[in-house]
Amino acid sequence: MVQAVRSPTEGDSIPRATSILVLDGNEDHQALSVTALDRRGFRVSVADDAREGVRLARSQPFDVIVLAHKLRGLSGLEALRVFAQQFPKVPKIFVVAEGSEDLALRALDAGASGYLIKTANYHELLPAAVEEQIAKVRDRTRLQRQHKALEETQARYRELVETTASPGFAVDAEGRFVEVNEVFGSLLGFTPEELLEMRYADLLPPGLRGDGKALLLELSRRPPPQRVEVPLRRKDGTEIALEILPGPRRAATDGPRFEFVAQDVTERRRTER
């Protein structure tokens, strides 16, 4: 077993913490892989034995694992299955000889994130393939964080609507009500069931109905906190003034939903007048 470790120098494009484990039963190929990855600023560890590779992976975190199909101790596919089971979140690039594309496809089924074929320019392609896998992990991590932040925002919004006296509602892309709380229905004199059969524009004064959907959708696209005051007509025909604040936009199976919290400012406006 041979190990090669290098600390990236100033100007390297890869972060210092980026570590790669290369498993290859051919020591010449090991050296070429280390040289190619070292030039791109990676910190590289190598092993020619699958069990030694597992020991290394357990002893320190690696960002990408590169496995050749010929190893000592276990076959490349057997080693891949072990790594896929024990390190499922670490990208694994499987390397096969020319003419073994069927083996590469089996590797993808066994848990490889990608594969490379050992052609004459293999070591030129290896760093780019490693960087591609790292970029995919970063993209997934960013999306997971965004999804978690969105879920937290939605949870706070739902708590606000359900536990306070604020009127709340949600519409679809066509302006139809898809969610309303009791406070919003009571304010307008409708039951929630009645409102769910209506569109937001149905509550606007006649002169504003054509712009009702556009107004809500435009408000939902603005960065928070943005709010707008609109007049709405109650079931008995009287008019009230609502200040509307957009909540999160949610994806649904039948299309996007736009959520809003409202505040009745009718008395405030009358007092100002």
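Just to check I understand the Karplus step: with θ = phi - 60° and J = 6.51 cos²θ - 1.76 cosθ + 1.60, what whole-Hz values come out for the stretch 89-97, glycine and proline as x?
Values per residue, Gly and Pro as x: 8, 8, x, 10, 9, 9, 10, 10, 6 Hz.
If R₀ is 30 angstrom, what is the calculated FRET efficiency for the pair L143 and R234, using the beta carbon separation as r and rounding to 0.05? Write out the running numbers ahead of the final one.
On the way: r = 43 Å, r/R0 = 1.44.
About 0.10, to the nearest 0.05.
Excluding same-chain residues fewer than 8 positions from K148, which lysines have a Cα within less than 20 Å of its Cα?
Cα-Cα hits under 20 Å: K89, K136.
Multiply the residue separation of A120 and S186 by 0.36 nm, subtract the distance between their alpha-carbon atoms, and state the gained length in nm to one decimal.
On the way: separation 66, 0.36 × 66 = 23.76 nm, distance 7.48 nm.
Working it through step by step, the gained length comes to 16.3 nm.
Pulled fully out, how much extra length does the chain show between Q85 and S100, if you take 0.36 nm times their separation in residues and subtract their Cα-Cα distance?
Numbers: separation 15, 0.36 × 15 = 5.40 nm, distance 2.38 nm.
This chain segment gains 3.0 nm when fully extended.
Under a Cβ-Cβ cut-off of 13 Å, what is the net charge of the residues other than K89 that fall near it, where Lys and Arg count +1 and Asp and Glu count -1? It would help to have the intermediate numbers written out before the result.
On the way: positive: K92, K136, R138, R140; negative: D63.
Around K89, the charge tally is +3.
Tell me the net charge near L242. Cut-off is 9 Å between Cβ atoms, L242 excluded, with +1 for each Lys or Arg and -1 for each Asp or Glu. Numbers along the way, then the final one.
Details: positive: none; negative: E229, E243, D264.
Local charge sum for L242: -3.
Which FRET efficiency, nearest 0.05, do R55 and D28 yield, Cβ-Cβ r, R0 30 Å? Please report the intermediate quantities before stating the final value.
On the way: r = 23 Å, r/R0 = 0.77.
The formula returns an efficiency of 0.85 here.
Return the lysines within reach of K70: Cα separation strictly under 21 angstrom, same-chain partners fewer than 8 residues apart disregarded; answer none if there are no such residues.
The qualifying lysines are K92, K118.
All of the numbers you see were taken from the coordinates with simple rules; none came from a lab. What you are looking at is a predicted structure, and each value in this text was computed from that prediction instead of being measured. Using ideal geometry, Cβ is built from the backbone for each residue, glycine included, and neighbour counts are taken over all protein chains shown.
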